[in-house]
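S.K.: Just dropping this structure here.
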Amino acid sequence: MIQMTRLEINIKRLLTRCELIAKDDPHKDWKLEKYILSLDDMMNELQTLPNKPSKDTMMGYTKRIDFLKGVINAMKLSNPVERVVAAQLLSKNSASINNSASTNITTQIHQKTVAKYNQELRVELFHSNKVSLCITDANKDGVRQRLLNSNIQDEDLDAILKYNRNIQEKIAENMLSMTGTMKEHALAASAIIKKDIGKLEMSDKLTDVNAIKLKKESLKLEEHTKSKWRCWVWIMIAFVLVVFFNMVLFMKMARKKI
């Protein structure tokens with residue numbers, strides 16, 4: 001495993017700080033853009049080092065930085081509709097990050113940014129409709145202005161409906177993608193679990209077989225030990241008897257000589 005350099009540690013810390021600022025509110029801290037520019041310079045320097053991280057790690061850092069750049073670019077747009085569209089496009093970068101912790105915080109940033117710009121768009125549309133209605137009531141040619149405002153409202157309503165439809169389609173696509181990914185992970189986990197269960201069952205069977213064999217060998221050894229012990233007992237008894245009879249004969253023969 002390649003040890004992290006001091007530069008890579010600084011990049012990780014600064015990148016985490018930038019993500020926390022973006023999660024809170026990127027409008028409040030003007031230094032966020034400066035931090036991202038510094039991250040670009042640090043990444044270029046890290047790329048030139050001989051002991052740089054792996055390709056996947058470098059790609060993960062780059063994707064996280066690009067995501068933060070997208071947040072800054074969306075924040076700079078003046079048109080609320082363009083901001084909403086730019087915020088929706090951030091989902092591609094957030095979904096392509098492999099690190100689970102980074103994916104979590106980028107998803108939170110994306111959801112918060114989209115919700116904020118959607119609210120701004122609704123306020124903008126509501127304000128424009130309210131101003132149009134006030135102008136209509138103040139104008140003498142009320143009928144024509146009302147018709148004009150109704151057309152504008154219809155156009156705004158169509159734009160809102162179209163926008164909501166696009167959002168729903170993107171949400172449905174993201175949900176389908178997430179569902180497919182979760183299904184793949186579940187199938188992979190299920191296959192691994194089944195494989196482990198099969199190995200455990202095989203180990204249990206081998207354990208039972210070995211236990212039965214060990215029991216049989218223990219019984220044989222016990223029988224063999226008992227048979228040897230009995231044999232030696234009979235040998236000792238026979239030896240004692242032989243010695244006893246020899247002593248008796250010897251004593252009789254000794255008496256006759258005397």
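The values are calculated or read from the model by the stated rules, or taken from the named source; none is laboratory data. Just so it is clear, the model here is predicted, and its values are computed rather than measured. Cβ placement follows ideal geometry from the backbone for every residue including glycine, while neighbour counts extend to all protein chains displayed. When the accessible area is computed, the model is the full protein with side chains, heavy atoms only, and any ligands, DNA or RNA have been set aside. Shrake-Rupley method; radii C 1.70, N 1.55, O 1.52, S 1.80 Å.
S.K.: Give me a count of the residues in segment 50-64 that are among the hydrophobic types (A, V, I, L, M, F, W, C) and open to solvent by 50 Å² or more (accessible area, probe 1.4 Å). Give the steps one after another, and end with the answer.
M.R.: First, pick out the residues of segment 50-64 that are among the hydrophobic types (A, V, I, L, M, F, W, C): 58-59.
Then keep just the ones that are open to solvent by 50 Å² or more (accessible area, probe 1.4 Å); that gives 59.
Selection size over segment 50-64: 1.
S.K.: Please indicate, with yes or no, whether at least one residue in segment 16-34 is in contact with a Phe, Trp or Tyr (Cβ under 7 Å, 6 or more places away or on another chain), open to solvent by less than 80 Å² (accessible area, probe 1.4 Å), in a helix (DSSP H, G or I) and under 27 Å from K116 (Cβ atoms).
M.R.: Looking for residues that are in contact with a Phe, Trp or Tyr (Cβ under 7 Å, 6 or more places away or on another chain), open to solvent by less than 80 Å² (accessible area, probe 1.4 Å), in a helix (DSSP H, G or I) and under 27 Å from K116 (Cβ atoms), one finds at least one in segment 16-34, hence yes.
S.K.: If you check S100 against the conditions, is it open to solvent by 70 Å² or more (accessible area, probe 1.4 Å), under 31 Å from the mean Cα position of the chain (by Cα) and either of a type outside the set (D, E, K, R) or at pLDDT 70 or above (or both)?
M.R.: Considered against the rule, which asks whether it is open to solvent by 70 Å² or more (accessible area, probe 1.4 Å), under 31 Å from the mean Cα position of the chain (by Cα) and either of a type outside the set (D, E, K, R) or at pLDDT 70 or above (or both), S100 comes out as yes.
S.K.: Check whether at least one residue in segment 35-45 is in contact with an Asp or Glu (Cβ under 7 Å, 6 or more places away or on another chain), assigned to a helix (DSSP H, G or I) and open to solvent by less than 50 Å² (accessible area, probe 1.4 Å), and report yes or no.
M.R.: First, pick out the residues of segment 35-45 that are in contact with an Asp or Glu (Cβ under 7 Å, 6 or more places away or on another chain): none.
No, segment 35-45 contains no residue that is in contact with an Asp or Glu (Cβ under 7 Å, 6 or more places away or on another chain), assigned to a helix (DSSP H, G or I) and open to solvent by less than 50 Å² (accessible area, probe 1.4 Å).
S.K.: Output the residue which, of all residues in segment 46-71 that are among the charged types (D, E, K, R) and outside any loop (DSSP other than H, G, I, E, B), is farthest from V85 (Cα to Cα).
M.R.: Selected residue: K55.
S.K.: Now, a different point. May I ask you to verify whether L161 is open to solvent by 60 Å² or more (accessible area, probe 1.4 Å), hydrophobic (A, V, I, L, M, F, W, C) and modelled with pLDDT of 75 or more? So that I can check it myself, show each step before the final result.
M.R.: Details: open to solvent by 60 Å² or more (accessible area, probe 1.4 Å): yes; hydrophobic (A, V, I, L, M, F, W, C): yes; modelled with pLDDT of 75 or more: no.
For L161, the condition - open to solvent by 60 Å² or more (accessible area, probe 1.4 Å), hydrophobic (A, V, I, L, M, F, W, C) and modelled with pLDDT of 75 or more - is not met.
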